[in-house]
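The values are calculated or read from the model by the stated rules, or taken from the named source; none is laboratory data. Keep in mind it's a predicted model, so treat the numbers as computed, not measured. Here the Cβ is made from the backbone with ideal geometry for all residues, glycine too, and neighbour counts use every protein chain on show.
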Amino acid sequence: MSTSSPGTYESQHFIDTTKKVWNYSLLTDEDIRNFQQGTHYTLYRKFGSHSIQVMEQWGMYFAVWAPNATSVSVKGNFNDWKNFDYELFPRWDNSGVWEGFIPGFKLGEVYKYHIKGFMGIEVDKGDPFANFWEKRPLTASITWDLYYEWKDQEWMGSRKKHNALDAPWSVYEVHLASWMRPDPNDEESYNSYGEITERMVPYVKEMGFTHVEFMPVMEHPFDGSWGYQGTGYFAPTSRFGSPQDFKAMVDAFHDAGIGVILDWVPSHFPYDSHGLFMFDGTHTYEYADMRKGYHPDWNSYIFNYKRGEVKSFLISSARYWLDEYHIDGMRVDAVSSMLKLNYSRGEGQWEPNEFGGDGNLEAIAFVKDLNETIFRDFPDVQTIAEEATDWPGISKPTFEGGLGFGMKWMMGWMHDTLRYYKQDPIYRQFQQNTFTFSMMYFFDENFMLPLSHDEVVHGKSPMIYKMPGDEWQKYANLRLLYSYMFTHPGGKLLFMGNEFASTQEWNYKSELPWDLLKHESHSGMKECVKDLCHLLRGQPALYEKQFDPAGFEWVDLNHRAESVICYRRKGNNPEEDLLIILNMTPEVRRDWKVVTHGKKEWKEVFNSNDSRYWGTGDVFNPTITVHAQEKNNDMYEINVHLPSLGAVVLR
């Protein structure tokens with residue numbers, strides 16, 4: 001909350017207190033200049049609705065950008081939704097900003113802007129800067145205060161080490177509505193933020209994940225968009241409670257030592273009548289040229305990154321979640337579609353940029369500014385790009401010519417890995433190059449390995465049914481895949497339900513099939529993923545040099561016929577090196593010999609065939625025989641038993 005101060009309208013202009021709306025401003029000339037130039041990144045402190053005191057009267061200040069409007073009014077239950085009762089004032093500087101103070105206006109009121117715009121078109125719009133919205137299908141904004149007493153000072157003071165690139169990253173991707181419901185068969189049945197907190201925080205902590213990543217929590221009208229077509233860029237969805245309830249959930253994750261990442265969508269928005277589309281009767285937030293402004297894949301509209309006001313809006317949105325909600329990272333959705341003018345467009349459906357290329361120069365500049373701003377103001381968080389092309393330097397600093405993200409989803413690894421593991425093991429000997437190809441380009445970027453929601457919807461089948469073989473082999477193959485994932489360099493991301501081998505595709509209308517955990521095969525898979533998460537956190541060799549070529553070494557790729565692959569993970573201390581051996585076939589291999597350097601004592605620290613994981617438990621290595629090689633005393637032959645379709649990790 002704030003009170004009037006020198007430099008506001010009150011000190012410069014006469015306020016007619018007999019009117020319903022007072023001509024008053026929180027915006028300075030510098031605010032407007034930065035807003036228009038695309039360099040104002042805290043618009044949420046000035047735009048939208050704010051409870052303030054003016055001339056000793058409490059009320060609500062409103063500010064909205066509608067450059068093509070001839071009239072903007074505030075309407076709601078408080079005035080029986082009459083259109084022109086509470087008209088805002090246009091600023092004198094032709095900025096397109098409308099503002100005003102309504103004395104006596106209270107918190108918790110629903111409201112919209114009635115805008116008379118281009119060609120006399122009249123529209124009712126929600127507030128683009130609203131902090132709280134009505135629960136859908138209602139579409140009004142709600143005046144709200146964001147006050148909350150945070151308890152996560154310890155986390156915030158030390159989170160830099162948790163969110164660093166040389167820290168362990170195992171991310172649990174979650175869709176809040178369908179993780180668990182009060183009534184599994186009722187899509188209108190939601191747990192509150194508090195109930196989600198009570199159930200999810202201890203579960204994620206027990207599993208050992210380092211971070212959760214929430215699919216978009218920003219307010220959105222249609223459940224079927226999964227949150228990726230949003231209308232409220234400054235509001236957590238009211239489906240589960242208030243902004244304070246959401247803050248309390250983040251607080252609880254931090255208290256448990258777990259970081260929180262949000263999916264954020266600056267690439268497109270829907271055409272819902274109360275949202276950003278045609279905000280003042282014409283193209284305000286979106287490109288007017290539909291070759292750039294319309295998304296054919298998603299039937300949605302693309303932000304006009306050339307417009308300074310839009311750029312300020314978007315970067316302010318990203319910064320808002322880090323500032324107001326203590327978020328630890330932003331996963332930026334659909335970056336490929338932003339960068340490429342010809343994304344999902346055929347010949348004649350797009351226009352080259354001024355240099356004749358297919359890059360959207362305005363979007364590229366926006367992304368760089370976004371990352372520079374975030375890492376300048378919040379150096380202890382991460383930004384993560386969902387980007388599926390070979391665009392160079394996604395996760396390189398902008399001063400090195402990159403786009404400035406901290407990490408990038410490694411879609412190529414995901415596709416190659418699933419293609420390999422779907423193969424009948426008898427054919428894997430012919431596909432080894434597919435399996436090993438990721439290391440040819442891995443260190444070009446800071447990669448996160450995703451097995452995300454996109455891989456278990458729309459007929460792609462759940463993870464367990466992507467695996468070949470009989471029932472036991474399917475589970476063994478999946479444990480083997482997860483073992484490979486968690487011992488591969490880079491961050492890891494696993495979608496909810498994958499950790500216990502859900503047998504159904506993800507359905508946003510229901511909940512995860514938690515009853516599967518009564519079966520040993522599924523509870524065993526959960527225990528396997530749990531132990532892999534804790535292995536990752538407990539073994540520095542798996543994360544200290546995860547983005548450094550010095551952190552990885554192929555040890556044995558010379559057994560294609562047997563489909564046995566061996567590699568070494570290395571951290572800062574050579575004594576903590578790990579040796580990972582993957583047996584990709586159902587044949588048990590006893591006394592398998594691996595020759596490597598530097599260490600004559602090895603101990604098994606993980607075996608994916610453990611009986612606790614629904615493995616056979618009869619092929620393991622309580623002791624490991626090591627022989628020095630005669631020709632070189634620094635080389636040692638290790639004799640190890642390899643279980644069927646199993647992974648063994650030695651330290």
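Identify the single condition in (1) closer than 25 Å to ASP454 by Cα; (2) touching a residue at least 40 places away in the same chain (Cβ under 8 Å) that ARG319 does not satisfy, given that it satisfies every other one.
Only one criterion is unmet by ARG319, namely (1).
Can you find a residue that is surrounded by 15 or more Cβ atoms within 10 Å (Cβ to Cβ), of a type in the set (Phe, Trp, Tyr), more than 18 Å from the chain's Cα centre (by Cα) and under 30 Å from THR282 (Cα atoms) anywhere in region 192-205?
Looking through region 192-205, none of the residues is surrounded by 15 or more Cβ atoms within 10 Å (Cβ to Cβ), of a type in the set (Phe, Trp, Tyr), more than 18 Å from the chain's Cα centre (by Cα) and under 30 Å from THR282 (Cα atoms).
Going through PHE443, PHE405 one at a time, which residue ends up being of a type in the set (A, V, I, L, M, F, W, C), modelled with pLDDT under 95 and outside the structural domain of VAL555 (by TED's automatic domain parsing)?
PHE443
Could you please tell me which pairs satisfy a Cβ distance under 6 Å, a separation of 6+ or placement on different chains, a first residue in region 303-316 that is at negative phi and of a type in the set (A, V, I, L, M), and a second residue that is in a helix (DSSP H, G or I) and crowded, with 24+ Cβ neighbours inside 10 Å?
From region 303-316, the pairs are ILE315/LEU370.
Please go through region 134-163 and pick out each residue that is part of a loop (DSSP other than H, G, I, E, B), exposed (fewer than 15 other Cβ atoms within 10 Å of the Cβ) and of a type outside the set (Asp, Glu).
Across region 134-163, the qualifying residues are LYS135, PRO137, LEU138, TYR147, TRP150, LYS151.
Given (1) within 21 Å of GLU87 (Cα to Cα); (2) crowded, with 20+ Cβ neighbours inside 10 Å; (3) not acidic (Asp, Glu), where does ASN131 come up short, assuming only one miss?
(1)
Go through region 407-464 and give me each residue that's hydroxyl-bearing (Ser, Thr, Tyr), surrounded by fewer than 20 Cβ atoms within 10 Å (Cβ to Cβ) and within 19 Å of ARG479 (Cβ to Cβ).
Hit for region 407-464 is SER461, nothing else.
Among the residues in region 49-56, are any within 24 Å of MET278 (Cβ to Cβ), modelled with pLDDT of 95 or more and either in a strand (DSSP E or B) or among the polar types (S, T, N, Q) (or both)?
Within region 49-56, one or more residues are within 24 Å of MET278 (Cβ to Cβ), modelled with pLDDT of 95 or more and either in a strand (DSSP E or B) or among the polar types (S, T, N, Q) (or both).
For region 218-230, how many residues are touching a Phe, Trp or Tyr at 6+ places or on another chain (Cβ under 7 Å) and either closer than 20 Å to LYS530 by Cβ or buried (at least 21 other Cβ atoms within 10 Å of the Cβ) (or both)?
So the count comes out to 4.
Against the conditions (1) in contact with a strand residue (DSSP E or B) (Cβ under 7 Å, 6 or more places away or on another chain); (2) not assigned by TED's automatic domain parsing to the domain that holds LEU579, where does GLU553 fall short? Just the number, please.
(2)
Which of the residues spanning region 97-120 are on the phi < 0 side of the Ramachandran plot and at pLDDT below 95?
Correct list: GLY117, PHE118.
Given the condition hydroxyl-bearing (Ser, Thr, Tyr) and modelled with pLDDT of 95 or more, answer yes or no: does some residue in region 586-600 qualify?
no
Looking at (1) touching a helix residue (DSSP H, G or I) at 6+ places or on another chain (Cβ under 6 Å); (2) closer than 30 Å to GLY120 by Cα; (3) not hydrophobic (A, V, I, L, M, F, W, C), which one does ASP245 not meet, given that it meets all the others?
(2)
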